[in-house]
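Here the structure is laid out as structure tokens; the discussion comes afterwards.
The values are calculated or read from the model by the stated rules, or taken from the named source; none is laboratory data. What you see is a predicted model, and the numbers here were worked out from it, not measured in a lab. Every residue, glycine as well, gets a Cβ built from its backbone with ideal geometry; the counts of neighbours run over all protein chains shown.
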Amino acid sequence: MVENRPWANGFAHTVLIIGVALVVFPVYIAIVASTQAPDELLRGTLPLLPGSHGIENYTQMWLSGVSSTNSPSAALMLWNSFVMAMAITVGKLFISLLSAFAIVYFRFRFRMFFFWLIFVTLMLPVEVRIIPTYQVVADLSMLNSFAGLSIPLIASATATFLFRQFFMTVPEEMLEAARVDGAGPMTFFKDILLPLSVTNIAALFVIMFIYGWNQYLWPLLITTDPDYTTIVMGIQRMTSEENPQWHLIMAAVVMAALPPVLVILFMQRLFVKGLTETEK
Amino acid sequence: MASITLEGLKKTYSGDAHAVKGIDLHIEDGEFVVLVGPSGCGKSTLLRMVAGLETITEGTLKIGERVVNTLEPAERDIAMVFQNYALYPHMTVYNNLAYGLKNRGFKKDDIEKRVRVAAQMLEIEAFLDRKPRKLSGGQRQRVAMGRALVRDPAAFLFDEPLSNLDAKLRVQMRVEIKQLQRRLKTTSLYVTHDQLEAMTLGDRLVVLNAGQIEQVGTPMEIYARPATMFVAGFIGSPAMNMLSVDYLTAQGADGPLDNLPEGTDTVGIRPDDMHLAPPHAPHLILDSTLALFEAAGAESHLYVTLADSAQPTVIRVSGQPPVAEGDTLRIYVPRHALHPFNSTTGQRIQD
């Protein structure tokens, strides 16, 4: 819009600034709190300026954690979260790409039935099926393992559905041209469909990674071994102590927030590139 | 290079829809055959059956001496040019051309050589490193052609390749396709709904209607002696005028009509065979009023209303005759320009 109305401009900026402030303030508080001395945060008033114990707090949290609450070092918890989130993300993408490919490009018996079956599971969040899933995972003796943390969350109706919708917009001639060019189904998938889906894959990667990273209830249920504690679980555990050590918790919170931010920053280039390069 | 033989080729979709109702056709090695017909006549389906993209319900399809009914498109040794080009958007032009060769296990330097040769032939060398989206419509069209000809296949199949181009470019590409085919002498099957494209490109034309062949012949044969009323109306622009013999007789034109072959009840007259001045040959005379005058530069189209008739009739004359809308015109049609048809069977009556 090319308009010259100063007061409207000012108004728009005010709204934006308030919005940004609302989002940024809690993050700022978390960062400030993570740099304070242990007793500073228990006085009732929250300091608004960074303290001097930042390095100390982060080092302690990163290396040793809070042993009184059974929380291992942040390094381990972040690693656990990262492995779980990556396994979930990659697994979800892999499975949903393949199942969408099957549903869109192959004609087999009960194709629509399977599609609707997948679609219906969209309506069932993890929490609804958590007890039976727990039973299955326990029976397969996958408690306290990365497999148990990630595999039950890997199937994704949302991603399958989105990829199906995308594949259906790929012109049929693309497949036909590839067939004439001597590409078998999997070659077509690998050489044509995957590169065309990069934008969608990048976007879903971000969404799925954050979904995996933020998993709380499921890891809580199936891991008892502190070696498998994820960062989200760990933070919760630290806060449920009688005297929560807020300076350490806040340090953990800041560290927990970083990986998703990094993933977004990294993937953003991919999907912006994808968005500008897609043309059929 | 090979001939293509279609024997009783049929395509039936579920629910008894017959898209192609038994086509017999032999395409000679090196011949350029154009399938032409209105939309929905089954021409694209037929081409796609030859390509292997549609299954064949019934009949035999041979490329060379080999029956290829159940072979995959890649195994048929054909190359296809699609209407919307179907270039791979994420690959450079070079890779678009090379992809088919790569899948067939060609050696790297062989691929390189073939791509260069094809690119040179089509004058797209400068774009080899670009992605398709950076190309204009005409350039994309060339890349699509290049993808077909790098493989040096037994046959080219064209599915309305020019219909996405603007009028000027279409004429240019048409000429280029023709020249290219002459040079390579690759058997080609070309589908179009544009009768001008069909006339100018094909060694032979196959006019299709409702899943059946109406007529097969050289463009001039089909233009000069359309076998059915459908062909007469479809080939040639503006379309042939159809007048009933009863009407002509009522207009007092019975003299020249005496020796029309038995069974003729409709005659077709090309717009160019209707003259404003009497010819020397025996002719018939019709009176009309000029309803609309259309000047097209080198020629003019006169839309006239014949006396005592609601039949719209078009006359094509060269230059611009000194007439105005509303004028009464006397039209002269030479006897030899009449195409005799029977309107019940739709067939031409052989004279």
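Matching residues to (1) more than 30 Å from A:Asp225 (Cα to Cα); (2) assigned to a helix (DSSP H, G or I); (3) away from every other protein chain (no Cβ under 14 Å); (4) among the aliphatic types (A, V, I, L, M):
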{"site": "A:Thr89", "(1), (2), (3), (4)": "no, yes, yes, no"}
{"site": "A:Leu117", "(1), (2), (3), (4)": "yes, yes, yes, yes"}
{"site": "A:Ile130", "(1), (2), (3), (4)": "no, yes, yes, yes"}
{"site": "A:Ala138", "(1), (2), (3), (4)": "no, yes, yes, yes"}
{"site": "A:Phe167", "(1), (2), (3), (4)": "yes, yes, yes, no"}
Considering residues that are hydrophobic (A, V, I, L, M, F, W, C) and closer than 16 Å to B:Leu284 by Cα, the number found within the stretch B:306-321 is 3
Qualifying positions in the stretch B:39-59 - touching a Gly at 6+ places or on another chain (Cβ under 7 Å) and loosely packed, with under 15 Cβ neighbours inside 10 Å: B:Glu58
Of the listed residues (B:Leu205, B:Leu189, B:Leu157, B:Leu162), the one being modelled with pLDDT of 90 or more and touching a Lys or Arg at 6+ places or on another chain (Cβ under 8 Å) is B:Leu162
Looking at the stretch B:212-234, is at least one residue out of contact with any Lys or Arg (no Cβ under 8 Å at 6 or more places or on another chain), more than 30 Å from B:Gly8 (Cα to Cα) and either outside any strand (DSSP E or B) or not polar (S, T, N, Q) (or both)? no
Can you tell me which residues in the stretch A:238-263 are modelled with pLDDT under 90, surrounded by fewer than 16 Cβ atoms within 10 Å (Cβ to Cβ) and part of a helix (DSSP H, G or I)? A:Thr239
Which residue is surrounded by the fewest Cβ atoms within 10 Å (Cβ to Cβ), if the candidates are limited to the stretch B:192-211 and must be in a strand (DSSP E or B) and touching a Pro at 6+ places or on another chain (Cβ under 9 Å)? B:Arg204
Within the stretch B:1-24, can you find the residues that are hydrophobic (A, V, I, L, M, F, W, C), in a strand (DSSP E or B) and surrounded by fewer than 16 Cβ atoms within 10 Å (Cβ to Cβ)? B:Ala17
Hits in the stretch B:312-324 - residues which are surrounded by 12 or more Cβ atoms within 10 Å (Cβ to Cβ) and either at pLDDT below 90 or of a type outside the set (Val, Ile, Thr) (or both): B:Pro312, B:Arg316, B:Gln320, B:Pro321, B:Val323
Got at least one residue in the stretch B:25-38 being surrounded by 20 or more Cβ atoms within 10 Å (Cβ to Cβ), assigned by TED's automatic domain parsing to the domain that holds B:Ile177 and not in a strand (DSSP E or B)? yes
Checking B:Ala277 against (1) surrounded by fewer than 16 Cβ atoms within 10 Å (Cβ to Cβ); (2) under 31 Å from the mean Cα position of the chain (by Cα); (3) at pLDDT 85 or above, which test does it fail? (2)
Sort out which residues of the stretch A:26-74 are farther than 30 Å from A:Tyr228 by Cα, surrounded by 11 or more Cβ atoms within 10 Å (Cβ to Cβ) and not small (Gly, Ala, Ser), and write them in order of number. A:Glu40, A:Leu42, A:Leu46, A:Pro47, A:Pro50
Scanning for something surrounded by fewer than 20 Cβ atoms within 10 Å (Cβ to Cβ), closer than 23 Å to A:Ala177 by Cα, in contact (Cβ under 8 Å) with a residue 40 or more places away in the chain and of a type in the set (Lys, Arg), does the stretch B:138-153 turn up at least one residue? no
Exactly one condition in (1) surrounded by fewer than 17 Cβ atoms within 10 Å (Cβ to Cβ); (2) away from every other protein chain (no Cβ under 14 Å); (3) modelled with pLDDT of 90 or more is false for A:Ile231; which is it? (1)
Pull up the stretch B:50-65, narrow it to residues that are assigned to a loop (DSSP other than H, G, I, E, B) and in contact with a strand residue (DSSP E or B) (Cβ under 7 Å, 6 or more places away or on another chain), then point me to the one that is nearest to the other protein chains (Cβ to nearest Cβ). B:Glu54
Is it the case that A:Ala159 is assigned to a helix (DSSP H, G or I) and out of contact with any strand residue (DSSP E or B) (no Cβ under 8 Å at 6 or more places or on another chain)? yes
Total residues in the stretch B:161-211, condition over 21 Å from B:Ala79 (Cα atoms) and touching a Phe, Trp or Tyr at 6+ places or on another chain (Cβ under 8 Å): 4
All conditions in (1) away from every other protein chain (no Cβ under 14 Å); (2) surrounded by fewer than 21 Cβ atoms within 10 Å (Cβ to Cβ) are true of A:Gly148 except (2)
Tell me whether the stretch B:115-125 contains one or more residues that are at positive phi, touching a Ser or Thr at 6+ places or on another chain (Cβ under 7 Å) and away from every other protein chain (no Cβ under 14 Å). no
In the stretch B:126-138, anything outside any helix (DSSP H, G or I) and more than 14 Å from chain A (Cβ to nearest Cβ) is listed as B:Leu128, B:Asp129
For the stretch A:214-237, name all the residues that are more than 17 Å from A:Ser156 (Cβ to Cβ), in contact (Cβ under 8 Å) with a residue 24 or more places away in the chain and not in a helix (DSSP H, G or I). A:Thr223, A:Thr224, A:Asp225, A:Thr229, A:Thr230
Mind checking which residues of the stretch B:66-100 are touching a Gly at 6+ places or on another chain (Cβ under 9 Å), assigned to a helix (DSSP H, G or I) and within 12 Å of chain A (Cβ to nearest Cβ)? B:Pro73, B:Ala74, B:Glu75, B:Arg76, B:Asn96, B:Leu97, B:Tyr99, B:Gly100
